[in-house]
Each structure stands twice: as structure tokens, then as C-alpha cells.
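Quick notes on the structure that follows.
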Amino acid sequence: WMVSVSSRPSSRLFAAEMAHEFKRPLASIRTAVSVLEQEYELDEGGRQVLRAVDGQLERLHETMQDLFSLAKPIVLKEGSVELAGVLDDALAELSGMPGIETIEVHRAYAYGAVFVPGDRRRLRQAFLNVMANGVEAMTPGGGHLTVGIQAVPRSEVEVAITDTGHGLEPEQVEQALKPFYSTKPLGTGLGLPLVARIVSAHGGGLAIESRPKRGTKVRITLPVVRELQAGRA
């Protein structure tokens, strides 16, 4: 099953409103926890409770950051980005992720030097998010993560990130890029919508292909600013 979707203005407005409403009470709770830690003598049980609360508050803070990123316009630093290098950077960041030790990573770069217009940091963020989803889909059983680069018509290049994880049902594929939809127990459903916005800001497109128990492929197309050169794998 395959779907191509884009983020919706109404969803971004809702994300902005949610982020605004949660920002102040979240900051107040974090301040209160800090005061408790500094001003009161607590036994080990009390400290464990505060550590647990602080951990959950950090998770909420990260969710709020994702909401702000989803709500705000994507502002790109103009430049020419060498695609294979950005993918290698994302894979390097992925190396510290839990479960990565059970994953075999394959680079399938049909072109060794292809340049796209855009923001290196933002593209790395998008690729890393998709790769991390693939690793999570294969954890704890392990599997194969393949990252490929190939040419497509209309002077574009395609990055394909493929995993051999549990895959998605057709209805899950249709919902995959909608904000707040997630198939993960602790997922926020904000990562892939942000990826879609980053790709769209670069003049590209995103498509998801997936089947239950047969893995998922995310295809990202981007415009090319220089000629494709000799490949490597």
C-alpha cells in the first residue's frame, strides 16, 4: 500500500494553539519540581518519584518542541547540499539509538556526488526521523535498514529509506502523516508530519509504501542542482 500526503494548514494552526496552551503550565510544573529538589530534604523514594516526574516532563518538553516546529513556517538556510554526506551524517547520529546493534545498515548510493538545494540541518533532521522510525519498527527482533539514492525523471533525485520491520496496515498508511497519529505506544505522531513539511519546503515530495510484516519504504524526492556523478555503494 502506498500513500502520498502533505501537511495541512488547519493541522498546523491546531498545533500552534496546543503548543501555546501547554507552554506556560509545563514551565510552572518544571519550576515546582526544581524547587522541591533544591529546598526540601527527601528520602530516596521521594527522589525517585521526582526523577520519574522530571523524565516525563522532559518528554512533554520535547513534544512541545515538535509542536512548535510543526506550527512555525519552515525557514531554510539557502545552500547546495551534497546528499550522500547528509545521509551519512544522519546514519552516524543513528548509531547511538537503542536497538541499532541488531540492525544491518546498507548504503545503496547509485550516485556518489549529487547536490540538492536546501538546508543541511533540516534535511538531516528529516532523514534521521525516518531512519529512527525504521529502527523502532525492527526492534527488538532486528532487521535490515537500506538507504538508497537514485535518479528519477524531471531532474530530481530520490532517497529511499527501507526497513524490514512490522509494516503498516492500509488504513495506517493513509493516516501516517496526520499530526498526532501514531502506531507506537509512546509516539506523539508529530515526527512524520514535520518530515513532510521539511521535504515540501525543499520543493520535494514524500511517499510511503508499506505492507504488514513486509516492511516499509519511505521515498523522498528532491530537485537536483548539479549533474549526477559516478555512483558508489
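Annotations for the structure displayed:
- Within region 126-139, the residues that satisfy the criterion of being among the hydrophobic types (A, V, I, L, M, F, W, C) and open to solvent by less than 10 Å² (accessible area, probe 1.4 Å) are 126, 127, 130, 131, 135, 138.
- Of the residues examined, residue 195 is one that is of a type in the set (Val, Ile, Thr), open to solvent by less than 30 Å² (accessible area, probe 1.4 Å) and either in contact with a Leu (Cβ under 8 Å, 6 or more places away or on another chain) or modelled with pLDDT under 85 (or both).
- Residue 92 vs. criteria without any contact (Cβ under 8 Å) to a residue 24 or more places away in the chain and among the aliphatic types (A, V, I, L, M): yes
- Subset of region 140-161 (residues that are open to solvent by 60 Å² or more (accessible area, probe 1.4 Å) and among the polar types (S, T, N, Q)): 150, 155
The values are calculated or read from the model by the stated rules, or taken from the named source; none is laboratory data. All figures in this text were calculated on a predicted structure; none of them were measured in a lab. We place every Cβ from the backbone using ideal geometry, glycine too, and count neighbours over all the protein chains shown. Surface accessibility is based on the protein's heavy atoms, side chains included, excluding ligands, DNA and RNA. Shrake-Rupley method; radii C 1.70, N 1.55, O 1.52, S 1.80 Å.
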